[in-house]
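Working notes, structure below.
The values are calculated or read from the model by the stated rules, or taken from the named source; none is laboratory data. These figures come from a predicted structure and were not determined experimentally. In this analysis, Cβ positions are derived from the backbone assuming ideal geometry, glycine residues included, and neighbour counts consider all displayed protein chains.
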Amino acid sequence: MAVAVKSTPRVNAALMPQFNGKQVTLVGKVLQQNPLIIQTSDGDQVEVATNNTTPIHNQVIEVVGTVSGHRSMTEISRTNFADGFDLDTYDKMVNLYNSQNYAAMMR
């Protein structure tokens with residue numbers, strides 16, 4: 001039996017207020033692990049509340065979670081990305097994904 005996977009919007013820090021209380025996907029560079037603080041693709045910092053005790057060994061991670069306020073979210077899951085992941089290019093994709101011209105097509 002296949003497991004259903006919920007699709008979540010990809011956001012950067014600037015877009016988070018539009019999704020308060022909703023699940024999103026956020027990618028960023030780990031700046032600090034306790035508390036977990038990541039630098040998002042648009043260069044801002046977001047604090048991630050987590051109960052996950054697994055150490056983070058990569059610089060870049062993807063966090064799926066619920067936006068819980070301005071520049072904060074609660075983690076549901078996380079994935080390690082390669083350390084060379086290009087956050088600048090990713091941010092361009094996030095902005096395109098959320099633009100009015102492409103939002104209906106991308107969701």
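Being at pLDDT below 95 and assigned to a strand (DSSP E or B) is the filter; apply it to segment 33-70 and report the residue that is surrounded by the most Cβ atoms within 10 Å (Cβ to Cβ).
Among those that are at pLDDT below 95 and assigned to a strand (DSSP E or B), it is GLY69.
Here's the yes/no breakdown for (1) among the acidic types (Asp, Glu); (2) in contact (Cβ under 8 Å) with a residue 24 or more places away in the chain; (3) touching a Ser or Thr at 6+ places or on another chain (Cβ under 9 Å):
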residue: ASN52; (1), (2), (3): no, yes, yes
residue: GLN59; (1), (2), (3): no, yes, no
residue: GLY65; (1), (2), (3): no, yes, yes
residue: HIS70; (1), (2), (3): no, yes, no
residue: ILE76; (1), (2), (3): no, yes, yes
residue: ASP83; (1), (2), (3): yes, yes, no
residue: TYR97; (1), (2), (3): no, yes, no
residue: TYR102; (1), (2), (3): no, no, no
